[in-house]
Amino acid sequence: MYLVSEKITPTNPRSRCCCCRLPSCLLYQSGVHSSRNLETSSSLIDHRRTSPLLLKNPLSISSNQNQKPLFVGKFSFSRTQNQTIMTKSRQHHHRFIIRTILLLLSLNSVPSISAHFFPNFTSIPEELLKNATGNPWDFFQQLAGCHAGKKYDGLAKLKHYFQYFGYIPNSLSNFTDDFDDYLESALRTYQQNFNLNVTGELDDQTVNHVVRPRCGNPDIINGSTSMNSGKTNNTSSSHHLHTVSHYSFFTGQPRWRKQALTYVFSPENQLSDEVKAVFSRAFDRWSTVIPLNFSQTDSIYTADIRIAFFSGDHGDGEPFDGVLGTLAHAFSPQNGRLHLDDDEHWVVTDDVRTTTLTSAVDLESVAVHEIGHLLGLGHSSVEESIMYPSISSRTRKVELATDDIEGIQTLYGSNPNFNGSSAQSVQEETGSGSGSGAAHCVPSRWGLTGLIMALCFTFLLL
């Protein structure tokens, strides 16, 4: 029970308490051991029972309450005084521990909301419905009607937009507000890729399409694309593009070389089971048509695919821009990263088409699209396809189109059990949902709670 130390002083860390094993210097600083004049080559400490004692033999402690006072340095204490001092010390010690534990528990009780998830429409705050944030690209609406040879405020921003998605070479910089040849060429290519009237002007049809929320992956990479503008069998008449355009791939057609892939969610996001189920359904839509299967894992180090929600600049060179605008982006095989904008108003279960929130985005629709990138598909010019680059808010599109199926089966072959209809292969789950209250994410707190409980139990034993 007792420890014989070399020398008990506030600066001698080798002197340790016999029960808590804390260095004596810490015990002095905490006030548990009150005497600062105790200096001897042979000393005993037991702060659970008495104040510091100077004893030659631990067996000399007597149970006689009427024994003579004990002398410690210059101080003299009776047994009763010793017990009173120790009781006060222990009370102070325990109060400090209890306050610390309550503080940790209060911090732990605050739910961590990793993104704006709405299980159903009743969970959307009224304040958000009234003050929905606009699209960061709404400014481009003011540029409708612009044409070559003129100068308009804001065209430099539009050029940055087209450069971000590959329509203007990265070698160009220091953009001006002049409607120059680079902008006109970018507009023509964009209009061609999205089946718009090819005019080279910012007509209403083009501007309304530019401001749509979309995938952050570029349509043209290093000057190469398999969308309409990269096809050799396109024909045009009267500025209208007639095309039999199909799916596209990343340069070199990268793909996964194994059939069993694992995916993991970023632990920092603390996603609810409802949100994770959305991704499970999205993966199932692809595995229905190809001989690949996907399973969730908890190991972020061994997973093939890593899914995370981020805000703004998150270190991959493709920063998010807040509500709407770019919704998500994903990398080609076998990189495996899928990033979604943390600031979006994601609808998890209810039919997003019936909400009054103008900035609501269907999570599964975006997830299915981005998984297509993870598997090796690029953007498609077929508007009905999943791999079409843009999707308006309050829109739901989760069923693979013929273009998507043909493209992905070109890379991986067909699932032997595929019956030719993806629309019926995955059960649609929309409707009331099961959530209630405000936007939420149900994190797992067992890790931190268990640690706090263990610390509490340990300290109470002291």
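The values are calculated or read from the model by the stated rules, or taken from the named source; none is laboratory data. No experiment lies behind these values; they were computed from the predicted model shown. With ideal geometry, Cβ positions are generated from the backbone for all residues, glycine too; neighbour counts draw on all protein chains shown.
Observations on the model:
- Single match in 181, 177 (criterion: at pLDDT 95 or above, outside the structural domain of residue 390 (by TED's automatic domain parsing) and in contact with a Leu (Cβ under 6 Å, 6 or more places away or on another chain)): 177
- Hey, residue 157 over 26 Å from residue 322 (Cα atoms) and either at pLDDT 95 or above or not assigned by TED's automatic domain parsing to the domain that holds residue 348 (or both) or not: no
- Contacts under 7 angstrom Cβ, first residue in segment 284-295 being assigned to a strand (DSSP E or B), partner buried (at least 18 other Cβ atoms within 10 Å of the Cβ) and not hydroxyl-bearing (Ser, Thr, Tyr), 6 or more apart: 294/261; 294/283
- So residue 283, is it more than 14 Å from the chain's Cα centre (by Cα), in the same structural domain as residue 369 (by TED's automatic domain parsing), crowded, with 17+ Cβ neighbours inside 10 Å and among the aromatic types (Phe, Trp, Tyr): yes
- Residue in segment 323-339 that is farther than 24 Å from residue 295 by Cβ, out of contact with any helix residue (DSSP H, G or I) (no Cβ under 6 Å at 6 or more places or on another chain), part of a helix (DSSP H, G or I) and at pLDDT below 95 present: no
- Residue within segment 325-332 that is loosely packed, with under 15 Cβ neighbours inside 10 Å, under 30 Å from residue 160 (Cβ atoms) and over 16 Å from the mean Cα position of the chain (by Cα) present: no
- Residue in segment 298-320 that is assigned to a helix (DSSP H, G or I) and of a type outside the set (S, T, N, Q) present: no
- Any hit, segment 228-245, residues being at pLDDT 50 or above, surrounded by fewer than 17 Cβ atoms within 10 Å (Cβ to Cβ) and in a strand (DSSP E or B): no
- Of the residues in segment 348-362, none is within 16 Å of the chain's Cα centre (by Cα), buried (at least 22 other Cβ atoms within 10 Å of the Cβ) and closer than 19 Å to residue 217 by Cα.
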